[in-house]
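Heads up: the structure comes next, in structure tokens.
The values are calculated or read from the model by the stated rules, or taken from the named source; none is laboratory data. Keep in mind it's a predicted model, so treat the numbers as computed, not measured. For neighbour counting, all protein chains shown are included, and Cβ atoms are generated from backbone atoms with ideal geometry for every residue, glycine included.
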Amino acid sequence: MGELGILGLIALIAIMGVPVAILAGGIAYVMRLARRGTQATLADAAKRRELA
């Protein structure tokens, strides 16, 4: 079980990358909320949706 091939290592990185990316995004969002406030953050998101 200690032997991990290249494919196993790539799979492990891919599997662990998803929760890490979700966590990093959540932290960035919470920091933006704390810095700018809820109303400004949601207003910016609404503007971005209108442009898209």
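If the condition is being in contact with a helix residue (DSSP H, G or I) (Cβ under 7 Å, 6 or more places away or on another chain) and of a type in the set (Ser, Thr, Tyr), then region 29-52 contributes only Thr41. Is it the case, given these coordinates, that Gly8 is of a type outside the set (Asp, Glu), modelled with pLDDT of 95 or more, part of a helix (DSSP H, G or I) and surrounded by 10 or more Cβ atoms within 10 Å (Cβ to Cβ)? No: the conditions fail for Gly8.
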